[in-house]
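The structure under discussion is supplied below as structure tokens; questions concerning it will follow.
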Amino acid sequence: MSALSEPEWLKSSFSEASGNNCVEVASVETNGIALRESESPAVVISTNRAALRALILEVKRGAGRTVRD
């Protein structure tokens, strides 16, 4: 991605019809991923594909567990 180009943001097909209640992702740089909340599009976090994949797998593995304080 060049400094002047805007990333192509993708929303989940599970998003609300209004499109204001979801996480959006975009591919950036060579191996990067950018994430943002649709309600706060100016706040963007970046990671790499391997780290995002590891997070998703961990979330799926614990999908039935309850988190307690």
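Can you name every residue in the range 30-69 that is closer than 19 Å to SER12 by Cβ, open to solvent by 70 Å² or more (accessible area, probe 1.4 Å) and either in a loop (DSSP other than H, G, I, E, B) or touching a residue at least 24 places away in the same chain (Cβ under 8 Å) (or both)?
Across the range 30-69, the qualifying residues are GLU39, ALA63.
Next question, about the same structure. Restricting to the range 1-27, give me the number of residues that are at pLDDT 70 or above and among the small types (Gly, Ala, Ser).
Residues flagged as at pLDDT 70 or above and among the small types (Gly, Ala, Ser) within the range 1-27 amount to 6.
Please find, within the range 35-69, the residue that is farthest from GLU24 (Cα to Cα) out of those that are among the polar types (S, T, N, Q) and at pLDDT below 90. Walk me through it before giving the result.
Quick first cut of the range 35-69, residues among the polar types (S, T, N, Q) only: 38, 40, 46-48, 66.
Subsequent filtering for residues that are at pLDDT below 90 retains 38, 40, 66.
Values: SER38: 6, SER40: 10, THR66: 25 Å.
In this case the residue turns out to be THR66.
The values are calculated or read from the model by the stated rules, or taken from the named source; none is laboratory data. Treat the numbers as computed from the prediction; the structure is a model and nothing was measured. Positions of Cβ are backbone-derived with ideal geometry, glycine not excepted, and every protein chain shown enters the neighbour counts. Accessible surface is based on the protein model in full, side chains and every heavy atom, while ligands, DNA and RNA are left aside. Shrake-Rupley method; radii C 1.70, N 1.55, O 1.52, S 1.80 Å.
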